[in-house]
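Peer 1: Here it is, the structure, as structure tokens.
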Amino acid sequence: MSEATISWLSGPVLRARTCGRFHVSDAILVGAKRLLGEVIRVETGGIVAQVYEDTTGLRPGDHVTSSSEPLSIRLRPGLLGNIFDGLLRPLVAMPGDTVLAGMREAAAVPLHYCPLAKKGDEVRGGQVVGKFTTGAITENHLVPPGVDGEVVSIAGEGDYEDNEVLCVLRGETGSETRLDAGHYWSIRRPRPAVKRLPPREPLVTGQRIMDTLFPVARGGRAALPGGFGTGKTILQESLAKWCDADVIVYVGCGERGNEMAEVLNEFPTLEDPRSGRPLLDRTVIIANTSNMPVAAREASIYTGITVAEYFRDQGLHVALMADSTTRWAEALREISGRLGELPGEQGFPAYLSSRLAEFYERAAHVETLQGNEGSVTIIAAVSPPAGDFSEPVTSQTKRYVRCFWALDRDRAQARFFPAVHPLTSYSEDIDALARWWQARGNPDWMGHRRQILTLLEQRARLERMARIVGKDALPPRQQLTLLCADLINEALLRQSAFSPVDRYCSPERQTALVQVILRFVDRAVQALDHNVALEHIAAIPVLRRLQRASEEISEEKVAQFRLLMERLDEEFDQLEKREGHAR
Ligand SMILES: Nc1ncnc2c1ncn2[C@@H]1O[C@H](COP(=O)(O)OP(=O)(O)OP(=O)(O)O)[C@@H](O)[C@H]1O
Ligand SMILES: [Mg+2]
């Protein structure tokens, strides 16, 4: 066992004189309380390390012990439905309170195990040897990547304790590996897969502006940048509740404790629309609130992504929400500052960019080692100070994500939610995802999307002009463009997270709404061409119905959109008959 003695301390970082071998990323235990830490630099005769717990009371001369193992977390069944700190240690939520209270050992829940492999089978890392049917989701018993051999013994069906040996493997050299329900994995090391698959299908979020205009692919990477109070947390929560992932890993990173407590209070009361069970059953929450140690915040997003990869390797689709990566980058900055490293832009360390790259790189749609498909999609909030998207964390993040859902301060101030700006946001997966939409009842999804964005662009231009000359001075055709773009904005893009009818919008309902709105646009343009006066078009009764359609036509009543479409055609037919030819 390698030992060291603390020579210098500053907050969560320390230097120690070493005796014996230490490696970068080794987990260490510090002081009499054996606080968990990690080696971040090795120098001649000494180490630099960060400590993941409160260092109050530590002093020079205290002992440091190396575990000679990289900092790892134990991946095991029973993570779903629970809350952990940045290093996957269980946390207890204080019901109804604003803070998360102390840590405790994981409660020993017996696991129900069904073996799938049998004695004599040859198994490889990533393969499934059994199943756990304790929780809401049946979890696989995976052979840890890198381990292989012949099954010497395997437990029969029954209830077992978490740390009981369930399967013994004999490797080629004759050495035996004993597998219990879980295994350790270093949080900084991506879990292996056979290969990456190209983006093919979207992660359906149920939010119209995202699914219809800026979809993210399963295995994709999206950033949600927005200034203070622009709706990042509410949107992340909506995505966690309604997106069609099998498992959600929610990393609350450096946000206020009360926000985290709200999530904890709300999730158990919500029902998963797919299974009818509590949403919490398919969620793992990793909380490192602003009042918790800063170094653990740095680790929390790696812990989150490692947990997400573990579920991916079981053949599941996982969505990882991180709120917010800016607080994570600030933790990097604080640690780097205390170490006296040369600061880069705005004091962030020069390696900010490579750290972000390493994190986003771990989002993927893969063929797993057991031969099926799984994915990890990252959706990361970014909180640029003063909403300035040119600051380092936002601009570096932009280099690595494929979807950029820019939250706009003006929209949020006007209480227009979600405040995603349709002209500054983008998705780079449109071409890859068009086929999916085409197969889901909207053969002209690409064309519709383009038409919507063109109208919104024209609106921005015309509004600038109208500010100078006045709206009434614009020709009727341009005024009609404004009317149509307003309809798109209000009826399609606005979607309240608190509306029981509209907080989730299925792809079918999105398509129906888009089709009826664009039919209005076409018919209105046609009516104007047939000399119907603009004020008559604007006064057509069906317009009011359209504006309220997303709130009034629920998921169960999607067929009503057809009636709305018929009514729209009838009203325009009558209008043209009455007004168009009369002039
Ligand atoms: N999708 C939404 N639907 C309805 N209201 C919303 C929505 N998003 C945000 N809001 C409103 O905006 C408020 C602020 O949202 P939120 O707390 O998510 O912002 P934030 O960007 O996370 O802020 P901070 O920078 O403080 O973390 C919410 O309390 C809510 O009233
Ligand atoms: Mg927030």
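Peer 1: Out of the DSSP beta bridges found with both residues in the chain, what percent are antiparallel (nearest 5)?
Peer 2: 70 percent
Peer 1: Residues with amide H under 5 Å of LYS131's amide H, sequence separation 5 or more or different chain, H placed in the peptide plane at 1.01 Å from N; which?
Peer 2: Residues meeting the criterion, in which the H sits 1.01 Å from N, are CYS114, LEU116, HIS141.
Peer 1: Which whole-number percent gives the relative contact order of the range 3-70, counting Cα pairs below 8 Å spaced six or more residues apart?
Peer 2: Normalised by residue count, the contact order of the range 3-70 is 41 percent.
Peer 1: Using alpha-carbon positions, what is the distance between the centroids of the range 195-261 and the range 499-531, in Å?
Peer 2: Rounded to whole Å, the Cα centres lie 25 Å apart.
Peer 1: What list of whole percents do you get for P(r) of the range 195-421, with Cα-Cα distances grouped in 10 Å bins up to the one holding the largest distance?
Peer 2: 8, 34, 39, 17, 2, 0
Peer 1: Rg and Dmax in Å for the chain, alpha carbons only: what are they?
Peer 2: Values for the chain (Cα only, Rg and Dmax): 27.5, 98 Å.
Peer 1: Just want the ordering: ARG191, ARG523, ARG170, from fewest to most Cβ atoms lying within 10 Å of their own Cβ.
Peer 2: ARG170, ARG523, ARG191
Peer 1: What residues qualify as long-range amide H neighbours of PHE417, i.e. H under 5 Å apart, gap of 5 or more or another chain, H built at 1.01 Å from N?
Peer 2: Close amide H contacts, sequence-distant or interchain: GLN495.
Peer 1: Over all alpha-carbon pairs in the range 251-352, figure out the percentage whose distance exceeds 20 Å.
Peer 2: 49 percent
Peer 1: Show me, for the range 479-490, the HN-Hα J-couplings you get by feeding each phi into the Karplus relation (A = 6.51, B = -1.76, C = 1.60, θ = phi - 60°), rounded to Hz, glycine and proline as x.
Peer 2: With the stated coefficients, the range 479-490 comes to 5, 5, 4, 4, 4, 5, 5, 4, 4, 4, 4, 6 Hz.
Peer 1: Under the rule a/c < 1.5 gives rounded, and otherwise a/b versus b/c splits prolate from oblate, where does the range 351-414 land using the Cα gyration tensor?
Peer 2: Here the range 351-414 falls in the oblate category.
Peer 1: For the chain, what does -39500 (n - 2.57) per DSSP helix run (n ≥ 4), summed and divided by total residues, give at 222 nm, in deg cm²/dmol to the nearest 500?
Peer 2: Result for the chain, helices only: -10000 deg cm²/dmol.
Peer 1: What list of ³J(HN,Hα) values in whole Hz, one per residue of the range 496-508 in order, does the Karplus curve 6.51 cos²θ - 1.76 cosθ + 1.60 (θ = phi - 60°) give from phi, with Gly and Pro shown as x?
Peer 2: Each residue's phi maps through the Karplus curve to give 7, 6, 9, 7, x, 7, 10, 5, 10, 10, 6, x, 5 Hz.
Peer 1: Ranking VAL525, VAL194, VAL129 by Cβ neighbours within 10 Å, fewest first, what do you get?
Peer 2: Taking fewest neighbouring Cβ atoms as first place, the list is VAL194, VAL525, VAL129.
Peer 1: Which number comes out as Rg/Rh for the range 3-70 once both Rg and the Kirkwood Rh are worked out on C-alpha atoms?
Peer 2: In the range 3-70, Rg relative to Rh is 0.90.
Peer 1: Would you mind telling me the antiparallel percentage of the DSSP bridges in the range 279-411, rounded to 5?
Peer 2: The answer is about 45 percent antiparallel.
Peer 1: Moving on. For a Förster distance of 60 Å, can you work out the FRET efficiency between the beta-carbons of SER354 and GLU579, rounded to the nearest 0.05?
Peer 2: That gives a FRET efficiency of 0.40.
Peer 1: So, one more: Largest first, please: the extent of the C-alpha atoms of the range 107-246 along each principal axis, to the nearest Å.
Peer 2: In descending order, the Cα extents are 57, 34, 25 Å.
Peer 1: For ASN531 and ARG503 in the same chain, what is the full-extension length gain: residue separation times 0.36 nm, less their Cα-Cα distance, in nm?
Peer 2: 6.1 nm
Peer 1: Okay, next question. Could you list which residues have their amide H under 5 Å from that of ALA406, counting only those 5 or more apart in sequence or on another chain, with H placed in the peptide plane?
Peer 2: Amide H neighbours of ALA406, under 5 Å, 5+ apart: HIS421, SER425, TYR426.
Peer 1: By DSSP, what percent of the beta bridges with both residues in the range 195-421 are antiparallel, rounded to the nearest 5?
Peer 2: Expressed as a percentage, antiparallel bridges in the range 195-421 total about 30.
Peer 1: Would you calculate the separation in nanometres between label points at LYS195 and ARG467, each defined as 7 Å from the Cα along the Cα-to-beta-carbon direction?
Peer 2: In this crude spin-label approximation the distance works out to 5.2 nm.
Peer 1: Between VAL109 and LEU270, with labels modelled 7 Å along Cα→Cβ, what's the label distance in nm to one decimal, could you check?
Peer 2: Taking the two extended label points, one gets 1.9 nm.
Peer 1: What length, rounded to one decimal in nm, is gained on full extension from ARG74 through to GLN346, with 0.36 nm per residue of separation minus their alpha-carbon distance?
Peer 2: Roughly 94.3 nm would be gained on extension.
Peer 1: R0 = 22 Å: FRET efficiency of GLU556 with GLN438, Cβ-based, nearest 0.05?
Peer 2: Calculated value: 0.30.
Peer 1: For ALA460 and SER395, compute 0.36 nm times the residue count separating them, minus their Cα-Cα distance, and round to one decimal in nm.
Peer 2: Going from the current span to full extension adds 21.0 nm.
Peer 1: Turning to a different aspect of this structure: I need the shape label for the range 445-580. Rule: rounded when a/c is under 1.5, else prolate if a/b > b/c, else oblate, with a, b, c from the alpha carbon gyration tensor.
Peer 2: Taking the square roots of the gyration eigenvalues as a ≥ b ≥ c, the range 445-580 is oblate.
Peer 1: Give me TRP8, TRP242 ranked fewest to most by other Cβ atoms within 10 Å of their Cβ, as a rough exposure proxy.
Peer 2: Taking fewest neighbouring Cβ atoms as first place, the list is TRP8, TRP242.
Peer 1: Mind scanning LYS398/LYS471; LYS131/LYS241; LYS33/LYS131; LYS241/LYS557; LYS131/LYS195 and naming the pairs with a C-alpha gap bigger than 29 Å?
Peer 2: Too far apart for the 29 Å limit: LYS398/LYS471; LYS33/LYS131.
Peer 1: If you don't mind, there's one more thing I want to ask. Using r as the Cβ-Cβ distance of ARG567 and GLU361, and R0 as 51 Å, what FRET efficiency do you calculate, to the nearest 0.05?
Peer 2: Given R0 = 51 Å and the Cβ-Cβ separation, E is 0.50.
Since every read-out is calculated from the coordinates, none of them should be taken as a lab result. Owing to the predicted nature of the structure, the values given are computational and were not obtained by experimental measurement. Backbone-built Cβ (ideal geometry, glycine too); neighbour counts: all protein chains shown.
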